[in-house]
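A.B. asks: Sharing a structure below in C-alpha cells format, with a few things to ask.
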Amino acid sequence: MRVLVTGGAGYIGSHAAKALAEAGHEPVVFDSLRTGHRWAVQWGPFVHGDIRDVLLLAETMRAHAIDAVMHFAALADVPTAVAQPGLCWDINVTGTLALLSAMKLTGVDKIVFSSTCAVYGPSDDVPMTEATAQNPISPYGHSKRAMEQIIAEHAAAYGFGGVALRYFNVAGADPDGDIGEEHAPETHLIPVVLEAAAGARPFIAINGDDYPTNDGTCVRDYVHVADLAKAHVAALSTIDGGTVAAFNLGTGHGYSVKEVIEAAERVTGRTIPVRNGPRREGDPARLTADASAAQAKLAFDPNASALDTMIASTWRWMVEHRTGVRLPSMLDRGNRNRSI
C-alpha cells in the first residue's frame, strides 16, 4: 500500500513511516516541519505542506496514488495548546476536516488516527478501557476527542473506515538508532530526566510526592514508540468501511516518577539531582491502560516497552544525535560513563 503519513517528520510519525517501509508499504510523508524534522524522513517521498491545505493534500493523494492515511499531524504540545487554544483547534480540527475533504475528493477511504489517552482526562477508572468516560481537561484533549468524532461522522456518512489509537505515555527511540525524540522545548519525562543526567538541566522537579502511590509520586503507563509504530501498521489491515474502532495502546503497567529517575540513574550510571515541588493541578495519581482490545484485534505486543529498554534507547539516541558518538549499546556498562 501507499500510505500518506501526515506529520510523518515528527517523533511518532517518523517511527510509523519506518515500520510501514519494513512491512513492505510505501510511506509518503506530508509535514509542515513546524515541529518535525526533515532528517526524520528517510523511507519514502516527502511533501512539504500545511495540513489545512485541502488542495495540496488532494494533489498529493492523486500524484502518489495513495491507498490509506495515517494521521499524526497536530499541535501536540499541551502547554502551547493551553496558551493558544485557537491555534490548537485550527491545526487539529480544521486540519482534520481538510484531510477528510481531500480523502473524499480522491476516493481514499482508510485512515488510522493518532489519538491519545488525553481524551479521557482524570478518572478513577484504572486501568482505563475504551469505555472509560471522556472528560478531557485541556484544549489538546478536547481537540483530539473532536477529531475522533469528526472522523467517525465522516465514516458513517461517506463509507470511510478508520481506527483511532489512544496512546498513553510514548517513550524510547528507534532500536537501530536511525530516529528518535527531538522536541523544543522537551516536556516528556524520560528525555527530560536524561537531560538532567547529561547536565543539560540542573535538576528534575518532582511535581508532588504525596500521592496515594507506593512512593508518593505519579504513576504513568509508558509504551515504546517502536511497539506503537507496529500497532499502526497492524491497524491498517483491520479497517472496516463505515466504522471507526478505537483502541488503547499501553502496557497496563505503570511506573512512578521516582522509578523513572531511578531507572535512568541505573542505565546511565549517573546521579540525577531532584527537587520536590507542589502538585500540578489536574494530575491524577495513576494512569494506566487496559490494552486487551488492541492485544486481541491488533495482536499488540509491547515487548520493547520495559522501562530500562525505553530509557536506554532514548539515552543512546541523545548521545549519538547530539555528539556524533556512535555507541553499540547503551546497556553496555562500558559505555555508561561517556559524556554527552
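A.B. asks: What ranking, highest mean first, results for peptides 136-142, 201-207 when packing means the other Cβ atoms within 10 Å averaged over each residue? Present the calculation step by step, with values, prior to reporting the outcome.
C.D. replies: Working: 136-142: 20.1, 201-207: 14.9.
Sorting 136-142, 201-207 by mean packing, highest first, produces 136-142, 201-207.
A.B. asks: As an exercise, identify the GluC sites (Glu not before Pro) in region 158-205 lying in DSSP coil whose Cβ has no more than 16 other Cβ atoms within 10 Å.
C.D. replies: The qualifying sites are Glu186.
A.B. asks: Quick check: at a probe of 1.4 Å, how many percent of the accessible area of region 116-229 sits on carbon and sulfur atoms?
C.D. replies: 48
A.B. asks: In whole angstrom, note down how far apart the Cα centers of region 137-189 and region 54-116 are.
C.D. replies: Going from one Cα centre to the other spans 11 Å.
A.B. asks: What fraction, in whole percent, of alpha-carbon pairs in region 201-254 exceed 16 Å separation?
C.D. replies: 64
A.B. asks: From Cα pairs below 8 angstrom and at least 6 apart in sequence, can you work out the relative contact order of the chain, rounded to a whole percent?
C.D. replies: 17
A.B. asks: Which FRET efficiency value, to the nearest 0.05, is calculated for Asp215 and Ala146 with the Förster distance at 35 angstrom and r the Cβ-Cβ distance?
C.D. replies: On the way: r = 36 Å, r/R0 = 1.04.
The formula returns an efficiency of 0.45 here.
A.B. asks: Something else about it: May I ask you to list, by number, the DSSP H helices of the chain whose Cα span along the axis is at least 18 Å and whose average Kyte-Doolittle hydropathy reaches 1.6 or more?
C.D. replies: Both cut-offs are met by no helix.
A.B. asks: Follow-up question, since we're still on this one. GNM, the chain, Cα, under 10 Å: largest mean-square fluctuation among Lys110, Lys258, Lys230?
C.D. replies: Residue with maximal mean-square fluctuation among Lys110, Lys258, Lys230: Lys258.
A.B. asks: By how many nm would the segment from Ala156 to Asp176 lengthen if fully extended, with 0.36 nm per residue of separation less the alpha-carbon distance?
C.D. replies: Full extension of this stretch gives 3.2 nm more.
A.B. asks: Estimate the FRET efficiency between Arg266 and Ala296 by the formula 1/(1 + (r/R0)^6), using the beta-carbon distance for r and 35 Å for R0, to the nearest 0.05. Working shown, then result.
C.D. replies: Working: r = 34 Å, r/R0 = 0.97.
FRET efficiency, Arg266 to Ala296: 0.55.
A.B. asks: Give the residue list of GluC sites (Glu not before Pro) in region 213-307 that are DSSP loop and have at most 10 other beta-carbon atoms within 10 angstrom.
C.D. replies: Glu281
A.B. asks: Using the Cα centre as the reference, give the magnitude of the dipole from point charges on the C-beta atoms of the chain (Lys, Arg: +1; Asp, Glu: -1; all else neutral), rounded to the nearest 20 debye. Walk me through the intermediate numbers first.
C.D. replies: Details: 28 positive and 38 negative charges, 110 e Å.
Here the size comes out at about 520 debye.
A.B. asks: From the helices alone, meaning DSSP H stretches of at least four residues, give me the mean residue ellipticity at 222 nm for the chain, per-run term -39500 (n - 2.57), in deg cm²/dmol to the nearest 500.
C.D. replies: -11000 deg cm²/dmol
The values are calculated or read from the model by the stated rules, or taken from the named source; none is laboratory data. All of these numbers come straight from a predicted model, not from anything done at the bench. Ideal geometry is used to build each Cβ from the backbone, glycine not excepted, and the neighbour counts take in all protein chains shown. Each accessible area value is taken on the protein alone, full model and side chains, heavy atoms only, with ligands, DNA and RNA left out. Shrake-Rupley method; radii C 1.70, N 1.55, O 1.52, S 1.80 Å.
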